[in-house]
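Q: Handing you this structure, nothing more for now.
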Amino acid sequence: MHPQYARRLHKTVRRLVPDSDVRFLLSESGSAKGAAMVTAVAYRLADQSRQIIQTLEELQLTTEQLLEVKKRMKIEIQNGLSKSTQEIATVKMLPTFVQSTPDGSENGDFLALDLGGTNFRVLLVKIRSGKRRTVEMNNKIYAIPMEVMQGTGEELFDHIVQCISDFLDYMGMKNTRSPLGFTFSFPCQQTSLDAGVLVTWTKGFKATSCEGEDVVGLLRDAIRRREEFDLDVVAIVNDTVGTMMTCAYEEPTCEVGLIAGTGSNACYMEEMKNIEMIEGDEGRMCVNMEWGAFGDNGCLDDMRTEYDRTVDDLSLNPGKQRYEKMCSGMYLGEIVRNILIDLTRKGFLFRGQISETLKTRGIFETKYLSQIESDRLALLQGQIHSATLGTGTAPVTTVS
Ligand code: BGC
């Protein structure tokens, strides 16, 4: 196009449409250059999708890698079960003193506490045996404020007892001395069914003066301090064990419990002769594996990504519970947030703009991941959410 022609054209258009802000650009050998442009854009896009595929590939474990994880886990399990290696074992394989699953003849009213997940719960469970076996439950959920989870041990146990007191009032049971089972979802070195020394806090807990102490003792002390009611604390139970027992009540062949929740862990019925830390070879006992700590000796380091390391480094207990941090609810959202930041930094998402929201720790909760994964509608919401996490301009790539 001749420059003169362009000016004329512009003038005419302005006269016809005064509001128009159309501008004409002059192009020299435009159409030929254009072909090169089309090719260049195609090249750039192909290169970008190659990079995206490569980045995402690193996040997928191959079958060979999974089999390798299994092999290494087996070694750690063996270390945990053997007396000579127990001390250095990361997967602790803790005896639980639970030696049989329910047979249906159980009967009575029991109180139960559940500490260690997202909420604290107090329950009354009425178990009735006979032809028409029934289990009836009443429960109340109580929040445990962060200051209490990470305050002093006394404050934590006083808070727990205060919740129990509220529950007993609510149920009109203040004057009955009920047997109580305490689900305490942390690693405990047990010496009997009703004694367990806290090995270490995990997940969001960090109350002082509890590690190395018998947790049942701490609970009994707090009940005594309150001087209001009495309870018969009969058992301290890991949540994996509680889960296994509940399922075994319905299905007697169930002998494994697995938790994929805030934390991750499993238990199973083991032959006594294989549990070297406990005297006696007869019968079986449930072992709390504490597999969350798998990898704490570095044996999974080649499989951890930079995102796993970042999440671990910034956690309450760096270097501990590495396997748990790679897969459980308390950490998954944070892992994804770190991946999103990295993908954005690489220019694959949100037009390369890392928003303040995306920079906020803990903002992308694991529940969003579940929602995104669960159905098509949620997938759509995931896209909308990715728009809000971004700069507000349309996201090009979805999160799932
Ligand atoms: C604890 C386990 C517990 C698991 C699931 C882990 O952090 O160490 O004792 O079973 O979380 O709640």
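Q: What tally of residues in segment 107-120 results from selecting those that are exposed (fewer than 14 other Cβ atoms within 10 Å of the Cβ) and either away from the ligand (no atom under 16 Å from the Cβ) or small (Gly, Ala, Ser) (or both)?
A: Going through segment 107-120 one residue at a time, the tally reaches 2.
Q: Here's something else I'd like to know. In segment 178-185, is there at least one residue being of a type in the set (Gly, Ala, Ser), more than 16 Å from the ligand (Cβ to nearest atom) and farther than 30 Å from residue 91 by Cα?
A: Looking for residues that are of a type in the set (Gly, Ala, Ser), more than 16 Å from the ligand (Cβ to nearest atom) and farther than 30 Å from residue 91 by Cα, one finds at least one in segment 178-185, hence yes.
Q: Restricting to segment 308-339, and then to whatever is more than 11 Å from the ligand (Cβ to nearest atom), touching a residue at least 40 places away in the same chain (Cβ under 8 Å) and not in a loop (DSSP other than H, G, I, E, B), can you tell me which residue is nearest to residue 211 (Cα to Cα)?
A: Only one residue fits best here, namely 327.
Q: Does residue 101 count as touching a residue at least 24 places away in the same chain (Cβ under 8 Å) and within 31 Å of the chain's Cα centre (by Cα)?
A: Against the criterion (touching a residue at least 24 places away in the same chain (Cβ under 8 Å) and within 31 Å of the chain's Cα centre (by Cα)), residue 101 qualifies.
Q: Same structure again: Among the residues of segment 186-212, which ones are within 22 Å of residue 87 (Cα to Cα), within 9 Å of the ligand (Cβ to nearest atom) and either assigned to a loop (DSSP other than H, G, I, E, B) or polar (S, T, N, Q) (or both)?
A: Within segment 186-212, 186, 187, 199, 200, 201, 202 qualify.
Q: Here is a follow-up. Taking segment 241-251 as the region of interest, how many residues are in contact with an Asp or Glu (Cβ under 9 Å, 6 or more places away or on another chain) and either near the ligand (Cβ under 9 Å from one of its atoms) or not aromatic (Phe, Trp, Tyr) (or both)?
A: Counting residues in segment 241-251 that are in contact with an Asp or Glu (Cβ under 9 Å, 6 or more places away or on another chain) and either near the ligand (Cβ under 9 Å from one of its atoms) or not aromatic (Phe, Trp, Tyr) (or both) gives 3.
Q: Given the criteria surrounded by fewer than 21 Cβ atoms within 10 Å (Cβ to Cβ) and within 16 Å of the ligand (Cβ to nearest atom), does residue 174 qualify?
A: no
Q: Let me ask something else. Scanning for something at pLDDT below 90, hydroxyl-bearing (Ser, Thr, Tyr), under 30 Å from residue 203 (Cβ atoms) and buried (at least 17 other Cβ atoms within 10 Å of the Cβ), does segment 367-381 turn up at least one residue?
A: No; the residues of segment 367-381 include none that is at pLDDT below 90, hydroxyl-bearing (Ser, Thr, Tyr), under 30 Å from residue 203 (Cβ atoms) and buried (at least 17 other Cβ atoms within 10 Å of the Cβ).
Q: Sticking with this one: Pairs, please: C-beta under 8 Å, at least 6 apart or cross-chain, first residue more than 16 Å from the ligand (Cβ to nearest atom) and modelled with pLDDT of 95 or more and in segment 267-293, second β-branched (Val, Ile, Thr) and outside any strand (DSSP E or B)?
A: From residues that are more than 16 Å from the ligand (Cβ to nearest atom) and modelled with pLDDT of 95 or more, the pairs are 269/101; 272/278; 285/96; 285/98; 285/275; 285/278.
Q: Residue under question is residue 156, and the condition is that it be assigned to a strand (DSSP E or B) and buried (at least 16 other Cβ atoms within 10 Å of the Cβ); does it hold?
A: no
Q: A follow-up question, please. Take segment 57-90 and flag every residue that is hydrophobic (A, V, I, L, M, F, W, C), in a helix (DSSP H, G or I) and either in contact with a helix residue (DSSP H, G or I) (Cβ under 9 Å, 6 or more places away or on another chain) or surrounded by 15 or more Cβ atoms within 10 Å (Cβ to Cβ) (or both).
A: The answer is 69, 73, 77, 81.
Q: Sticking with this structure for a sec: Could you tell me whether any residue of segment 264-275 is in a loop (DSSP other than H, G, I, E, B), β-branched (Val, Ile, Thr) and crowded, with 19+ Cβ neighbours inside 10 Å?
A: So far as segment 264-275 goes, yes, one or more of its residues are in a loop (DSSP other than H, G, I, E, B), β-branched (Val, Ile, Thr) and crowded, with 19+ Cβ neighbours inside 10 Å.
Q: For segment 294-307, give me each residue that is more than 14 Å from the ligand (Cβ to nearest atom) and touching a Ser or Thr at 6+ places or on another chain (Cβ under 9 Å).
A: Across segment 294-307, the qualifying residues are 297, 299.
Q: Next up: One residue is enough: does segment 218-229 have a residue meeting the conditions farther than 27 Å from residue 136 by Cα, within 14 Å of the ligand (Cβ to nearest atom) and surrounded by fewer than 20 Cβ atoms within 10 Å (Cβ to Cβ)?
A: no
Q: When the residues of segment 230-251 are filtered to those that are out of contact with any helix residue (DSSP H, G or I) (no Cβ under 8 Å at 6 or more places or on another chain) and part of a loop (DSSP other than H, G, I, E, B), which remaining residue is surrounded by the fewest Cβ atoms within 10 Å (Cβ to Cβ)?
A: In this case the residue turns out to be 251.
A quick yes/no check of all residues on (1) closer than 19 Å to residue 123 by Cα; (2) among the aliphatic types (A, V, I, L, M):
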| site | (1), (2) |
| --- | --- |
| 165 | yes, no |
| 172 | yes, no |
| 189 | no, no |
| 193 | no, yes |
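Q: Can we say residue 306 is of a type in the set (Asp, Glu) and exposed (fewer than 14 other Cβ atoms within 10 Å of the Cβ)?
A: yes
Q: If residue 254 meets every condition in (1) within 16 Å of the ligand (Cβ to nearest atom); (2) outside any helix (DSSP H, G or I); (3) in contact with a helix residue (DSSP H, G or I) (Cβ under 6 Å, 6 or more places away or on another chain) apart from one, which number is that one?
A: All conditions pass for residue 254, except number (1).
The values are calculated or read from the model by the stated rules, or taken from the named source; none is laboratory data. It should be emphasised that the depicted structure is a prediction, and the values quoted were computed from it without experimental measurement. Positions of Cβ are backbone-derived with ideal geometry, glycine not excepted, and every protein chain shown enters the neighbour counts.
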